[in-house]
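To keep things clear, I will list the structure first and then write my remarks on it.
Throughout, read-outs are computed from the coordinates displayed, never taken from laboratory work. Since we're looking at a predicted model, the values are computed, not measured. Don't worry about glycine lacking a Cβ; one is built from the backbone with ideal geometry, like all the others, and counts go over all protein chains shown.
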Ligand SMILES: [Zn+2]
């Protein structure tokens, strides 16, 4: 196995990066009472453990989390008593099946009861969520340390360390409101620069391209849609973006489409590393240079469940349910993500023992339902529109089984015949008799979060399956 040789060659780091990664950032984390550095070192060791050893470690940590929840978290104290659950009896991950799922609605209804009575300082988070309903939850220092350490480990797989210049293209209002003065100083030291992805006008995109060229980051980090937009714009302007020394483009928060991967890789001259995680669910999985989508198995237990809530065998697809093992202060136990994926049963060429996700098919809301009840991925509709040169941009909203609306930014040559082709193409997939309304718009605005969604379905795919 070439695995261990792939560990970062320390001499390749610049003196500044070494100073930040080895001195400044560890100090910063200590002052904030985060164990990030120790956790990262532990994670860099445990990633090479065997699957069996990792599995034993997970069960131990799971039992400890559940024991603590039963003693210190009012919500779980009551729940365990109600269902007769004893954390001491936990022998394997499958024992989680004795507990109900934690849904966003459940968190909303019991926010205060989910805080441990011995919790330290908690940070409050408020995510918009793709459904638009806000979710308020809390994160303790333990969890922050583990989530930051997991991300840090993953960037080091790609030869990027903390302190290396990075450009973050982000639209989340949470991140922006946290841009206080201390944060600004920290970002400057860490050489992190944020480009707000709320608005992608031509003038803004010109500015982004310029910043990337001046900054020459080692890493780009952002939504695949946002990075693709920048790449497309650079190509349109004829500005070369390869040769800047970018080592990797980290994509996260949205499904990464193959055409986006190709566009980003060819434009920036670097590989794309796909990541999967969120503020609420945690840093769940990340791709290594050999292509494996490795789970952060030390911290996150992943169950894949079907629409009836039953765990499916490895290799079958279903909704991702996560238990985050570093959440003693505000537990996330069997949290439903609404994302659909498959567990990979194979081994990765890198030699890491961390299990993998095979494919993240997207959010359950990325699926559309044909009139006859067949659930299919939104890609089936995306292909129809993407193949039409007369279509500049688009968004498909499935309002009901009978009605689908398409917003189109018309390109050159767009006419009545194009509208008919769209209607014919979508009907062929959704079923004859479905009304397809095509509406011409000047632009497709991103969601409030700054993300783009090509497909929005208001039909419950889980219910129809
Ligand atoms: Zn790997």
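Residue 371 to residue 45: FRET efficiency via 1/(1 + (r/R0)^6), r the Cβ-Cβ distance, R0 60 Å, to the nearest 0.05? For residue 371 and residue 45, the calculated efficiency is 0.65.
A Förster radius of 22 Å, combined with the Cβ-Cβ distance separating residue 24 from residue 126, puts the computed FRET efficiency at roughly 0.15. Between residue 383 and residue 103, the contour length at 0.36 nm per residue exceeds the alpha carbon distance by 97.5 nm.
Note on residue 16 and residue 67: their simple-model spin labels are 4.8 nm apart, each label 7 Å out from Cα toward Cβ. Quick check: Cα centre of region 285-323 to Cα centre of region 348-414, how many Å? Here the answer is 21 Å between Cα centres.
Taken as Cα centroids, region 72-149 and region 265-282 sit 27 Å apart, rounded to the nearest whole angstrom.
Between residue 216 and residue 240, the contour length at 0.36 nm per residue exceeds the Cα-Cα span by 7.4 nm. Over the chain, DSSP H runs of length four or greater, each weighted -39,500 (n - 2.57), average out per residue to a 222 nm ellipticity of -10000 deg cm²/dmol. The simple spin-label model puts a point 7 Å past each Cα toward its Cβ; for residue 52 and residue 91 those points are separated by 1.8 nm. Shape of the chain from its Cα gyration tensor (a ≥ b ≥ c, root eigenvalues): rounded if a/c is under 1.5, otherwise prolate when a/b > b/c, or oblate? Taking the square roots of the gyration eigenvalues as a ≥ b ≥ c, the chain is oblate. Working from label points 7 Å from Cα in the Cα-to-Cβ sense, the residue 432 to residue 400 distance is 2.2 nm.
The calculated FRET efficiency for the pair residue 59 and residue 33, based on their C-beta separation and a Förster distance of 30 Å, comes to about 0.60. Length available on full extension from residue 409 to residue 77: 0.36 nm per residue minus the Cα-Cα distance, which gives 114.2 nm. Annotation: peptides 281-292, 73-84, 312-323, ranked by per-residue average of other Cβ atoms within 10 Å with the highest first, follow the order 281-292, 312-323, 73-84.
If I take every Cα pair under 8 Å that is 6 or more residues apart in region 212-305, average their sequence separation and divide by the length, what percent do I get for the relative contact order? Dividing the mean separation by the residue count of region 212-305 yields 23 percent.
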